[in-house]
Amino acid sequence: PLFTVQGYILTLLEREIDDEGLKKKYLKRTSKGLERLAHIVKDLDLITAFESGVKSIEKSKFDLIELIENIIDLFEMQVKKNNISLSLDGDQSLTFFVEADKERIQQVLTNLIINSLKHSVEKGSIEISVNKLNENKLIVDITDNGEGIEEKHLSRIFERFYRIDKTRNRKLGGSGLGLAIVKHIIQAHGERIFVESKFGVGSKFSFTLEASK
């Protein structure tokens, strides 16, 4: 975004543009570029804070199913626009209480859903499920039937700015730091995150959480 912003500003400064509509168009694109740049700086700051130990998580007890349902509601318009189904799998009458940082887990789920949307296919689906591993642990799965990820990328997808070229939904944007943030938040909880994927079939991202006693 930095080079995009620079390009539009230089064009406006160096060329005599009389067309007010064109000027407005360039300024709008510059504004969008600056917004993206601000998001990147904010996300980098968050990752650095986690890595340095400055940023800590604040655990509380909350209903994970309720949080997931709220997030699904927030994505209602986006998934309809992309012709994708987003749902909570399993018995929705169950409740799963966890001890975690609610705001950060919301960020994890949001980033993983956005990632699935980026690799979605026409009339695809994204399913979220929560299951017990044992008395103390839960596992959350975000499964999609999208493009899938080639094996050569799997070991690097949680790196900063690592992008897989063949993403259909580039217009969803993002800082390229979403999965890196997910990894740092889960690790800050002392938990683990996994990914399974088959190119052309789909992907499943899973992470563990501490069950509330």
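The values are calculated or read from the model by the stated rules, or taken from the named source; none is laboratory data. This one's a predicted model, so the numbers in the text were calculated from it and none came from an experiment. FYI the Cβ positions are ideal-geometry reconstructions off the backbone, even for glycines, and counts take in every protein chain you see. Note: areas computed on protein heavy atoms with side chains; ligands, DNA, RNA excluded. Shrake-Rupley method; radii C 1.70, N 1.55, O 1.52, S 1.80 Å.
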key: segment 119-148, subset in contact with a strand residue (DSSP E or B) (Cβ under 9 Å, 6 or more places away or on another chain) and among the charged types (D, E, K, R), residue most open to solvent (accessible area, probe 1.4 Å)   = Lys123
query = Just for segment 17-43: of the residues that are of a type in the set (Lys, Arg) and out of contact with any Pro (no Cβ under 9 Å at 6 or more places or on another chain), which one is farthest from Gln6 (Cα to Cα)?
reply = Lys42
ask   = Name the pairs whose Cβ atoms lie under 6 Å apart, with the first residue in segment 2-24 and of a type outside the set (Phe, Trp, Tyr), the second not in a helix (DSSP H, G or I), and 6 or more positions between them or separate chains?
value = Lys23/Ile17
inquiry  = Any residue that is open to solvent by 20 Å² or more (accessible area, probe 1.4 Å), modelled with pLDDT of 80 or more, aliphatic (A, V, I, L, M) and in a loop (DSSP other than H, G, I, E, B) - is there at least one of those in segment 42-60?
reply    = yes
inquiry  = Looking at segment 149-158 only, could you name the residues that are over 13 Å from the mean Cα position of the chain (by Cα) and either touching a residue at least 40 places away in the same chain (Cβ under 8 Å) or surrounded by 14 or more Cβ atoms within 10 Å (Cβ to Cβ) (or both)?
reply    = Ile149, Glu150, Glu151, His153, Leu154
ask   = In this structure, is Ile9 surrounded by 12 or more Cβ atoms within 10 Å (Cβ to Cβ) and part of a helix (DSSP H, G or I)?
value = yes
request  = Please specify each residue of segment 100-118 satisfying the condition of being surrounded by 22 or more Cβ atoms within 10 Å (Cβ to Cβ) and not in a helix (DSSP H, G or I).
outcome  = Ala100
query = What pairs can you find where one residue is in segment 84-99 and surrounded by 13 or more Cβ atoms within 10 Å (Cβ to Cβ), the other is outside any strand (DSSP E or B) and aromatic (Phe, Trp, Tyr), and their Cβ atoms are less than 8 Å apart, with a gap of 6+ or different chains?
reply = Leu86/Phe75
